[in-house]
1. Give me the angle, in degrees from 0 to 90, between the Cα long axis of helix 83-92 and the longest principal axis of the Cα atoms of the chain, rounded to the nearest 10.
2. Note the angle between two axes, namely the Cα long axis of helix 20-31 and the longest principal axis of the Cα atoms of the chain, as a number of degrees from 0 to 90, rounded to the nearest 10.
3. Using 0.36 nm per residue, how much length does the chain from Ala104 to Ile121 gain when fully extended, once their Cα-Cα distance is taken away?
4. Do me a favour and compute the ellipsoid semi-axes for the chain from its Cα gyration tensor, root of five times each eigenvalue, largest one first, whole Å.
5. What does the charge count around His123 come to, taking other residues whose C-beta lies under 12 Å from its C-beta (Lys +1, Arg +1, Asp -1, Glu -1)?
6. Is the shape of the stretch 81-128 rounded, prolate or oblate, going by the alpha carbon gyration tensor and its root eigenvalues a ≥ b ≥ c, with a/c under 1.5 for rounded and a/b larger than b/c for prolate?
7. For the chain, what is the calculated [θ] at 222 nm in deg cm²/dmol (nearest 500), taking -39500 (n - 2.57) for each run of four or more DSSP H residues and dividing by its residue count?
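No lab work stands behind these numbers, since they all come straight from the coordinates. Source: prediction; values computed, not measured. For neighbour counting, all protein chains shown are included, and Cβ atoms are generated from backbone atoms with ideal geometry for every residue, glycine included.
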Amino acid sequence: MSLETMKIIKVFVTLGSLNFDRVVKFYDRLFEISPHIQIPHQYAEFDLPGLRLGIFHPKAADSPEFSQSARSGMSLCVEVENLEASIDRLSELGYPPPGEISIASHGREIYAYDPDGNRLILHEEMRR
């Protein structure tokens, strides 16, 4: 008996949040677009350049997995045109990056966090 090949249709990132409405509002304001799919208090999906981002409210039985103490190594990397303007935008939203801009081999970046503490890496490509 042979195994069938897994046929991938799409891959996208989802964030489970117990603070669903607050997190959806944060990304709506950060990206300045509304979700293209939205089921109130349950699911929202943003169609971004190069990424689909889904946000869902976990079922009650799964809530401990999504508590503040359950940290993930996942980072949402967002390449931006102007790092300073993006930092200003996060600050306007009430979520200023806690650290300083760092220089990496691929450009400049800074860590920030959404209302649930998920790490965002804002990245500006090194201009040549």
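1. It works out to around 70 degrees.
2. Roughly 40 degrees between the two axes.
3. Working: separation 17, 0.36 × 17 = 6.12 nm, distance 1.19 nm.
Going from the current span to full extension adds 4.9 nm.
4. Numbers: eigenvalues 143, 85, 46 Å².
Values for the chain, descending: 27, 21, 15 Å.
5. Charge balance near His123 sits at -4.
6. Details: a/c = 2.53, a/b = 1.71, b/c = 1.48.
In terms of gyration-tensor shape, prolate.
7. Numbers: 2 runs with 22 residues, N = 128.
Result for the chain: -5000 deg cm²/dmol, rounded to the nearest 500.
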